[in-house]
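Worksheet for the structure shown next.
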There are 4 protein chains.
Amino acid sequence: MRFFSDNAAPVAPAIMAAIEQANAPDTAYDGDTLSGRLDAAFSTLFEREVVVLWVSTGTAANALALSLLCPPYGGVLCHEYAHILADECGAPEFYTHGARLMGCTGQGGKLDADTLASRLARVRPNIHQVQPHAVSLTNATESGLSYRPSEIAAIGKFCRERGLALHMDGARFANAVAFSGASPAELSWQGGVDILSFGFTKNGAMNAEALVLFNPALVEEARRRRKRAGHLLSKGRFIAAQLLAMLEGDRWLDHARAANRAAQRLAAGAEDRLLHPVEANEVFLRVSPEEAGRLRASGYEFYDWGEGAVRLVTSWHHGEADVAPLAHAIAAL
Amino acid sequence: MRFFSDNAAPVAPAIMAAIEQANAPDTAYDGDTLSGRLDAAFSTLFEREVVVLWVSTGTAANALALSLLCPPYGGVLCHEYAHILADECGAPEFYTHGARLMGCTGQGGKLDADTLASRLARVRPNIHQVQPHAVSLTNATESGLSYRPSEIAAIGKFCRERGLALHMDGARFANAVAFSGASPAELSWQGGVDILSFGFTKNGAMNAEALVLFNPALVEEARRRRKRAGHLLSKGRFIAAQLLAMLEGDRWLDHARAANRAAQRLAAGAEDRLLHPVEANEVFLRVSPEEAGRLRASGYEFYDWGEGAVRLVTSWHHGEADVAPLAHAIAAL
Amino acid sequence: MRFFSDNAAPVAPAIMAAIEQANAPDTAYDGDTLSGRLDAAFSTLFEREVVVLWVSTGTAANALALSLLCPPYGGVLCHEYAHILADECGAPEFYTHGARLMGCTGQGGKLDADTLASRLARVRPNIHQVQPHAVSLTNATESGLSYRPSEIAAIGKFCRERGLALHMDGARFANAVAFSGASPAELSWQGGVDILSFGFTKNGAMNAEALVLFNPALVEEARRRRKRAGHLLSKGRFIAAQLLAMLEGDRWLDHARAANRAAQRLAAGAEDRLLHPVEANEVFLRVSPEEAGRLRASGYEFYDWGEGAVRLVTSWHHGEADVAPLAHAIAAL
Amino acid sequence: MRFFSDNAAPVAPAIMAAIEQANAPDTAYDGDTLSGRLDAAFSTLFEREVVVLWVSTGTAANALALSLLCPPYGGVLCHEYAHILADECGAPEFYTHGARLMGCTGQGGKLDADTLASRLARVRPNIHQVQPHAVSLTNATESGLSYRPSEIAAIGKFCRERGLALHMDGARFANAVAFSGASPAELSWQGGVDILSFGFTKNGAMNAEALVLFNPALVEEARRRRKRAGHLLSKGRFIAAQLLAMLEGDRWLDHARAANRAAQRLAAGAEDRLLHPVEANEVFLRVSPEEAGRLRASGYEFYDWGEGAVRLVTSWHHGEADVAPLAHAIAAL
């Protein structure tokens, strides 16, 4: 049983069905009927008008977002473990034409206004130093923590005061919504987020992410940059279909709840081993190499996470029957 | 009935089936079993060792290829109507970090060594002028013509003599192979092509293109640039599945033959209206606005192509029953 | 005697003296007293408030200007013979991060609103084609013609109507002012120019060009981009000193008049050989290779300009004694 | 008396004289006689064949060097206080098209092989993380320390073992040579340096830096990139003249010795206040704000360096008469 990554998970049957249903001739690129429904569907979800562009990867969504919020000569404040800094092979630098990512420290991958302020204070406001133009948060974080609405609002307030734009990498935004119980609106634009990379691929889609723009002034430029990056798929209807099927009946939320529940199940009997509170679908455990070896010998697959620790990632399709045996195996270590 | 674009066509049932079959947990990105089979499958097809990277769009394939063959301070010779120059919103400039596309003229979108030589002769070999580093051909061309192996070989020879790399935009490579009867090898590396963008999306896939590298020295860089462009899909197995299903039993060639046949059928009764010989799946006809209006009134959809002309694009799924009525309608104009 | 290029000319004694006078400790970069006087000096000259940044080359001035007026995904309309397109080794593409230069034809290197309109009409306003965002004029042109104020105003009006920014490459702006008798204001912002690259190096300075910004909103970004391009010299006072000395007593205008006068002198006896009217400091003559050989044998140096033609460039230091013998030699061919 | 920066210092009389002597017509750009002598002059100095390109700023020299050694998708290991990271407004990212600068810690701005190895060990060699391609040292460092030849050789060895290129920012290379007593060769290519940014502007020139290429394979690309960055000055002879005059009679070394001597003089009576050993022309002192105020009240100008410390920079023109009073004033605090 694989607990490597939610990227390894299968595509949900409803999503696969939606893809098949989309298989009829329609207008190319994003001129099709399904793509045309996205803005309305997401506007309902976010309780205000938004514009949504589909893209196929979270890296593209993040990098596009940053290119809209930060000029080539600017900087982006983010956590030192942020995916954009640690795992995207320089895509933000490529899309922004050389803006600099400025890593900050913070417990469990989280930023707060104090951290940002003290990092900013180290930048001399002269012509020689790169000046930050934006902040990028990840929610849920790379360590599986979720921001509370008040935490985001505090960061958003800080950003407005300092003239910084605010991006949210929401590769696991669904898990954060599911955990916090807050609304998508509270966790995004109401807290000051300008652009959200709303991920669906890790949550049961095949290759569909939503770039959610809360600032209509950026839409035309966003479309140009997407095309120019080779991300305007010619048969875009198959991506749009996934997003619509995900929103339908709050399927995205059900999936995230299932994944979170599976993570809680794994964590339940291992409280004393947890590196971080479990607030999404990732469980980080202190486990010796020998113990990890025993779990692997029992057929469980997962990544080591530095020395003496491992990461378990649950997904939308992990039910009680999948995780209970692993939970027992951990408890029995 | 739509004859707008092969991008509007549906996904072939066998491709859809392959996508569904791929829907099981596997390693993320391109570490999965299906992606691992691509090099061997394409090496067989091309009768030599090749390395293949999947991407989701032809624009990404082309722009990646050019970024591997031309430095930021160089130029790329191409036809003035080439897709890379006319229809990719500056993606080549983005990926190459500012290399210049240098348009050449040529009948039916075709280049030849003489045209290239005379364009090159206009570039002074000093420090002030951008120096060409590569040539990009489109096969079949934007006007639906196919290169003969000898034509490609002549261009390839010219490129080697002048130290130019050679890229082929093969968004409709399958149609060119089908028309010419030559082998994929003859139409690519045997003629001197360094990188081929081999398109499958227009030919019945959902979102799958193969970047075929004939020079192994470029592979590591190609992988980096793909990731950095946000084109390393996390569930890459669904792209690989499409490519494998396309190669299986030469499905790609059957599709292309069907599309070419449909185009020939449309052209058959309209010899005197043809702007270009029909050598792939596109038919360009001299048709007055009034005549075009009559065809549209009969339910046919297609693009105008400048003044007094239209473009009809056939696809893998157009059978005799689809095109015969349109052929009659054209003959009856 | 060299008539290759005004770049080969010496530095004027008054400029050299100003450089020497600047040789005392002062604040680094552009924090010195001399740099601090530039805005006022140029504001007087242009009869309105302007901000001026010094740079060391015309290529840097032009490329910086374009990077301020055109996004990476946009295009710049210019003459096909414009220096930015023909002689800057891709600097505009580098500074703009890949914007596309779109060459237009036009007599003697000149553009007009009709030419621009018909070039624009060839761009489909869709997502696939690069959309122009700016126009760049050269005044005096690469063929030695000068724009009249009304011609610039017509282009400026066109640009405003179409939402295009307007840049002027004024490497020989001084010669255009001298020829036309119009004011610097009339030939720039009053005609709709947003940024002027005002050249002094060809006109007797050592390495000093003024980037003249008529739009204060662009100043902060311009300063950043200059620094980031490595063009914020640490001892900037030596550049500022040149510009101030050039403006003093309208030395720049005297120099340009002298150069223009020398060009007129050369042209006077060769009316029937002129390729273009002489409206600045360049003379293009129809001269057979054999005739060119005779002139060279007499000690004159100059460039061939295509087949059967040559270019003679005069400079601020060419007096009657320098050009009279050459004028006779040409007349005697 | 100013001890802000060696950038504020005047141009040495011999350099000014050389500039004046260069003031005669010659070929434009770098086709002049003086530019033509640079390779030979520097080859003598470095005891092997080198190619030298003049540029006007250290930022341009550094950024060009990095663009030659690191691809856009790569990284450059450097000290966290390196000028390229802290004071060049993102020029390296601009010139390299988005490569990432990876800051390392180290006493006094120095790197060593262990530091580099442990930083490298934190980079996972997968497709998701930016991989370092080069190391950049600063000699003398930003804290005024000089590398010994053996230290550079150890880093050079490490670089070769790991496939990393090696750049040296030598804005104060002269001071490092003067302090260490080692030869330019020992401190550069013999230790494994691929490209050296050899600074002269801080050392008494007006605006002249030498990009010293030890690898001839990079020369053509270097020339292209310099032109494309707008750094090929049209009257390059005035830059070449400065470099030649600096090399003549080892003037560069005399200047550096004078500046170092002045720094030693300042440090002599303040041993207990030194933040770093004085190994070049910079003196960092622990001085309370109140003490700093007293020095300033006596007419000395300098920068604060964090809390409770100041930086004094000496220059080629500071003689005993200039520094003795300040030395006394410091001793008397």
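The values are calculated or read from the model by the stated rules, or taken from the named source; none is laboratory data. These figures come from a predicted structure and were not determined experimentally. Note that we place each Cβ from the backbone using ideal geometry, even for glycine, and neighbour counts take in every protein chain shown. Side chains included, ligands, DNA and RNA excluded: accessible areas come from the protein's heavy atoms. Shrake-Rupley method; radii C 1.70, N 1.55, O 1.52, S 1.80 Å.
Whenever you get a sec, line up D:ARG311, D:ARG257, A:ARG228, D:ARG48 from highest to lowest accessible area (probe 1.4 Å, protein heavy atoms).
Highest to lowest solvent-accessible surface, that is D:ARG257, D:ARG48, D:ARG311, A:ARG228.
If you add up the charges near B:VAL52, with Lys and Arg at +1 and Asp and Glu at -1, over every other residue whose beta carbon is less than 13 angstrom from its beta carbon, what do you get?
Surrounding charge for B:VAL52 is 0.
Mind grabbing the accessible area of B:THR44 for me, 1.4 Å probe, Å², rounded to tens?
110
Could you run the Karplus curve 6.51 cos²θ - 1.76 cosθ + 1.60 with θ = phi - 60° over region B:183-190 and give me ³J(HN,Hα) per residue in whole Hz, x for Gly and Pro?
Listing the rounded values in order: 7, x, 4, 4, 8, 9, 5, 5 Hz.
Using bins 20 angstrom wide from zero, how does P(r) for the protein assembly as shown break down, in % of all Cα pairs?
10, 36, 36, 16, 2, 0
Determine how large the accessible area of A:LEU274 is when every protein chain is in place; take a 1.4 Å probe and give Å² rounded to the nearest 10.
Number for this one is 30 Å².
Spelling out what I want: for every residue of region D:163-170, take phi, set θ = phi - 60°, compute 6.51 cos²θ - 1.76 cosθ + 1.60 (Karplus), and round to whole Hz; glycine and proline get x.
x, 9, 7, 10, 10, 10, 7, x
Shortest first, in nm, what separates the label point of B:MET1 from those of the same position in the other copies (7 Å along Cα→Cβ)?
Its label point is 5.5, 7.8, 9.4 nm from the equivalent points in the other copies.
Heavy atoms only, 1.4 Å probe, whole protein assembly: order A:VAL51, C:VAL55 by accessible area, highest first.
A:VAL51, C:VAL55
Taking the axis that carries chain D onto chain B, what is the nearest Cβ in chain D, and at how many Å, to the whole number?
Result for the axis mapping D onto B: D:HIS97, 2.
With Cβ to Cβ distances under 12 Å as the rule, what net charge do the other residues near C:THR314 carry (K, R +1; D, E -1)?
Here the count lands on +3.
Which whole-number value in Å³ per residue fits the convex hull of the alpha carbons of region C:12-250?
Cα-based convex hull of region C:12-250, divided per residue, equals 112 Å³.
Highest GNM mean-square fluctuation, chain A, Cα pairs closer than 10 Å: which of A:ALA171, A:ALA12, A:ALA61?
Comparing A:ALA171, A:ALA12, A:ALA61 in the GNM, the peak value goes to A:ALA12.
Taking each residue of A:206-218 in turn, how many C-beta atoms of other protein chains fall within 10 Å of its C-beta, and what is the average?
Taking the mean over all residues of the peptide, I get 2.
Copy-to-copy spacing for B:ALA40, label 7 Å out on the Cα-to-C-beta vector, in nm, shortest first?
Shortest to longest, the spacings are 4.9, 6.3, 8.0 nm.
Considering amide H positions built from the backbone, and no H for Pro or chain starts, which residues 5 or more places from D:VAL51, or on another chain, come under 5 Å of its amide H?
Amide H to amide H, under 5 Å and 5 or more residues apart or across chains, D:VAL51 pairs with D:LEU213.
Straight distance only, please: which lysines reach the Cα of C:LYS110 with their own Cα at less than 19 Å, same-chain residues fewer than 8 apart left out?
C:LYS157
For A:ARG100, A:ARG148, B:ARG286, give me the order by solvent-accessible area with a 1.4 Å probe, most accessible first, ignoring ligands, DNA and RNA.
Accessible-area ranking of A:ARG100, A:ARG148, B:ARG286, largest first: B:ARG286, A:ARG148, A:ARG100.
Can you list the residues, at least 5 places off or on another chain, whose amide H is less than 5 Å from the amide H of B:ALA171, using H built in the peptide plane?
Hits under the 5 Å cutoff: B:ASN139, B:GLY199.
Rounded to the nearest 10 Å², what accessible area does B:LYS157 have for a 1.4 Å probe in the complete protein model?
About 110 Å², rounded to the nearest 10.
Sequence neighbours fewer than 8 away in the same chain don't count; with that in mind, list the lysines whose C-alpha is under 16 Å from D:LYS202.
Straight-distance partners of D:LYS202: C:LYS235.
Helix-only mean residue ellipticity at 222 nm, the protein assembly as shown, DSSP H runs n ≥ 4 weighted -39,500 (n - 2.57), per residue, nearest 500. What is it?
Roughly -11500 deg cm²/dmol at 222 nm, from the helical runs in the protein assembly as shown.
Only Cα pairs within less than 10 Å get springs; with that Gaussian network setup on chain D, which residue of D:ALA60, D:ALA309, D:ALA121 has the largest fluctuation?
Checking each option, the largest mean-square fluctuation is seen for D:ALA121.
Please report, for C:SER298, the nm distances (one decimal) from its label point, 7 Å out from Cα along the beta-carbon direction, to the equivalent points in the remaining copies, shortest first.
7.1, 7.5, 10.1
Report, largest value first, the span of the C-alpha coordinates of region C:1-94 along each principal axis, in whole Å.
Largest to smallest, the principal-axis extents are 44, 41, 28 Å.
What is the distance in Å between the Cα centres of region A:113-182 and region C:221-263?
Value for the Cα centre distance between the two parts: 44 Å.
Classify region C:14-56 as rounded, prolate or oblate, taking a ≥ b ≥ c as the square roots of the eigenvalues of its Cα gyration tensor: rounded when a/c is under 1.5, otherwise prolate if a/b is larger than b/c and oblate if not.
Prolate, since a/c reaches 1.5 and a/b exceeds b/c.
How compact and how long is region B:252-332, expressed as Rg and Dmax of its alpha-carbon atoms in Å?
In Å, with Rg to one decimal and Dmax whole: 11.9, 37.
Taking amide hydrogens as modeled 1.01 Å from N in the peptide plane, which residues meet the under 5 Å criterion relative to A:ALA165, leaving out close sequence neighbours?
Those lying under 5 Å, H to H, from A:ALA165 are A:ALA134, A:VAL135.
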